[in-house]
Amino acid sequence: MAIRITAIRFSGGTMHQHIVRLWWTNPANGKSSDNSRAEIVSWIEQENGKAYVEDSRGHRADVGVVTPAHGDKYLRTYADGVWTDNLLALPQR
């Protein structure tokens, strides 16, 4: 199953590390919900979950887990092996 991240919420800043909640939809079954960053990180790492963002032209960027030297794991998009900022461009809630 792959979910499309559709919106985010920040707390304490506006960088990837500050994303605390993500809204998503499952295009396969139409289900939509929201989860904390920690829940999505766990789902990707422990359940082999797949997530992505999509721009208005239909270009997709996969969402991956970043493990920093210090601090909590966070999510960031990557395309063609390069980390990108697509998550930061999503609508905020």
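Taking each residue of the stretch 58-83 that is closer than 16 Å to GLU45 by Cβ and looking for partners that are open to solvent by 90 Å² or more (accessible area, probe 1.4 Å) and at pLDDT below 95 with beta-carbon atoms closer than 7 Å, six or more apart or interchain, yields ARG76/TRP83. You will find that of ALA7, ALA69, ALA38, the residue that is exposed (fewer than 11 other Cβ atoms within 10 Å of the Cβ), at pLDDT 95 or above, out of contact with any Cys (no Cβ under 8 Å at 6 or more places or on another chain) and of a type in the set (A, V, I, L, M) is ALA69 and no other.
The set of residues in the stretch 52-66 being of a type outside the set (D, E, K, R) and open to solvent by 100 Å² or more (accessible area, probe 1.4 Å) consists of SER56, HIS59. Would you check if THR84 is hydroxyl-bearing (Ser, Thr, Tyr) and at pLDDT 95 or above? No.
The values are calculated or read from the model by the stated rules, or taken from the named source; none is laboratory data. None of these values were measured; they are calculated from a predicted model. For neighbour counting, all protein chains shown are included, and Cβ atoms are generated from backbone atoms with ideal geometry for every residue, glycine included. When the accessible area is computed, the model is the full protein with side chains, heavy atoms only, and any ligands, DNA or RNA have been set aside. Shrake-Rupley method; radii C 1.70, N 1.55, O 1.52, S 1.80 Å.
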